[in-house]
């Protein structure tokens, strides 16, 4: 079978859309459509059912997609081997990181990496969802939870601690909580993506409640950066990572004698890429920066 036709089929199967498949492959929608039609003609069976809401794989399409998934990963691994065959790290590197960590701590330090490795072209995906590294949706990930697949290598980078924070203007208006139970009379800001492991950051809803129903949130935000801004605007009390609150911040700790949840931060990548000099360079850069940060 023609690999170009299989690539078009695979992209359409992954995205469920001819338009999205074309964008992924950087070809026109009509070119994708023609290649899939030619592939269906050569195999003699339809591979998709066409619906107004998108493409749905047929039984034959599901079976072929299983094969093209393996082929696509093998092609990506082969491409990475070629990239890493050179002594100097170079080429694209796709990294995914949580929105809060990536947009604050990481971004402000990346200039050091790009200065040291000008031939590595970073693609940084900031998202609190988990990218599938084994399908090479990204080549490496910074995550606030451990890997759960045997084919992934992980290295603990640091522990991230959290505390309750609020703005002085909010505390002047609603009072300063003196014990956890006082939070029952306060406005609570929570993280809103419950499908993410990040939802444990909603400690402000639970502390002092024991086995009782968590406090009702007054504001739900779907990323931690937004929670910080909401707290700064005086909208309530939020459980936030300490690394996101600089000394210059006007936010103050609420119930400072309490210790909030903590997360272990990991650097994770597929075992197939263990010899990638691009990943080793980025991993070692993170380790150096975190060591310096923890000593400061």
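Quick note: the coordinates plus some simple rules give every number you see, no bench work behind them. Since the model is a prediction, treat every value here as computed from it, not as a measurement. Counting neighbours? That spans all protein chains shown, and the Cβs are built from the backbone with ideal geometry, glycine included.
Extension gain, residue 122-residue 220: 0.36 nm per intervening residue step, less the Cα-Cα distance, totals 32.1 nm. For segment 160-262, the C-alpha radius of gyration sits at 0.96 times the compact-globule guess of 2.2 N^0.38 Å, with N the residue count.
Extension gain for residue 112 to residue 150 (0.36 nm times residue separation, less C-alpha to C-alpha distance): 10.5 nm. Each stretch of four or more DSSP H residues adds -39500 (n - 2.57); spread over every residue of the chain, this sum gives -11000 deg cm²/dmol at 222 nm.
Taking a ≥ b ≥ c as the square roots of the eigenvalues of the alpha-carbon gyration tensor, segment 88-155 is classed oblate because a/c is 1.5 or more while a/b is no larger than b/c. Highest mean first, the peptides 57-70, 164-177, 131-144 sorted by other C-beta atoms within 10 Å per residue fall in the order 131-144, 164-177, 57-70. Inter-label distance, residue 19 to residue 172: 5.0 nm, where each label sits 7 Å from its Cα along the C-beta direction.
Spin-label model, residue 28/residue 182: points 7 Å from Cα along the beta carbon direction are separated by 6.8 nm. Here the mean projected area of the convex hull built on the C-alpha positions of the chain is 19.4 nm².
Taking the DSSP beta bridges with both ends in the chain, the antiparallel portion is around 60 percent.
Modelled spin-label separation between residue 79 and residue 210, with each label point placed 7 Å from Cα along the Cα-to-Cβ direction: 5.7 nm. Cα centroids of segment 102-169 and segment 245-282: 8 Å apart. Across segment 3-83, the fraction of Cα-Cα pairs farther apart than 17 Å, rounded to a whole number, is 43%.
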